Amino acid sequence: MTIQLSITSFVIVVLAVWRITHLFWGEDGPGDIFVRVRRLAGAGFLGRLLDCFYCLSLWVALPCAGLLGRTWLERLALWFSLSGGAILLERATSRPRIAPPPPAIWHEAPLPEERKDEESDHVMLR
């Protein structure tokens, strides 16, 4: 299998897949158009798809791979490689999402009150 696609063309298509995926997944857009699209998508399949960058990149890469590949095997390889390139680009450009530390909770059991005559009860201390 030899794919007749230059490195430059591949990088350009990966950038396009990343950009389109990022637009729908995490940006508001002019006039909040992408916010409205995500809101209209609801909680069904389309809503969950728009909430997951990895899932959405697969669907955005599918038509690109279909247009670029000549055989079904090329299209399949391009589909996953374009999506993978977009995912790698997203990981490289996004800020790490570090979860905030858990709240500090301190439970201290009160110390039992010591009796003064405890010392005298001990056999070794007499």
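The values are calculated or read from the model by the stated rules, or taken from the named source; none is laboratory data. Computed from a predicted structure; not experimentally measured. Here Cβ is always computed from backbone atoms with ideal geometry, including for glycine, and neighbour counts include all displayed protein chains.
Exactly one condition in (1) at pLDDT 90 or above; (2) in contact with a Leu (Cβ under 7 Å, 6 or more places away or on another chain); (3) not aliphatic (A, V, I, L, M) is not met by Gly66; state its number.
(2)
Just the residues that are surrounded by 10 or more Cβ atoms within 10 Å (Cβ to Cβ), β-branched (Val, Ile, Thr) and within 26 Å of Arg19 (Cβ to Cβ), please, taken from the stretch 65-107.
Ile87
Just to be sure I understand the filter: pairs with C-beta atoms under 9 Å, separated by 6 or more residues or on different chains, first member in the stretch 24-42 and modelled with pLDDT of 85 or more, second member β-branched (Val, Ile, Thr) and part of a helix (DSSP H, G or I). Which pairs pass?
Phe24/Val37; Phe24/Val60; Glu27/Val35; Asp28/Val35; Gly29/Val35; Gly29/Val37
Taking the stretch 34-46 only, how many residues are under 22 Å from Cys64 (Cβ atoms) and either of a type in the set (Ser, Thr, Tyr) or loosely packed, with under 12 Cβ neighbours inside 10 Å (or both)?
The total comes to 1.
From Ser94, Ser81, grab the single residue that is among the polar types (S, T, N, Q) and more than 14 Å from Leu5 (Cα to Cα). Talk me through it step by step, then tell me what you get.
On the way: Ser81 fails: more than 14 Å from Leu5 (Cα to Cα).
After applying the criteria, what remains is Ser94.
Pairs needed: first member in the stretch 76-97, of a type in the set (D, E, K, R); second member anywhere, assigned to a helix (DSSP H, G or I) and surrounded by 17 or more Cβ atoms within 10 Å (Cβ to Cβ); C-beta distance under 8 Å; at least 6 residues apart or different chains.
Filtered contacts from the stretch 76-97: Glu90/Trp18; Glu90/Thr21; Glu90/His22; Glu90/Phe53; Glu90/Ser57.
If I ask for residues that are surrounded by 15 or more Cβ atoms within 10 Å (Cβ to Cβ) and more than 9 Å from Gly85 (Cβ to Cβ), which ones from the stretch 10-27 would you list?
Ala16, Ile20, Thr21, His22, Leu23, Phe24, Trp25, Gly26
In this structure, does Leu68 turn out to be closer than 23 Å to Trp25 by Cβ, touching a residue at least 12 places away in the same chain (Cβ under 8 Å) and more than 26 Å from the chain's Cα centre (by Cα)?
When the stated conditions are applied, Leu68 passes them.
On the given criteria, is Leu50 of a type in the set (A, V, I, L, M), touching a helix residue (DSSP H, G or I) at 6+ places or on another chain (Cβ under 9 Å) and modelled with pLDDT of 90 or more?
Answer is no for this residue.
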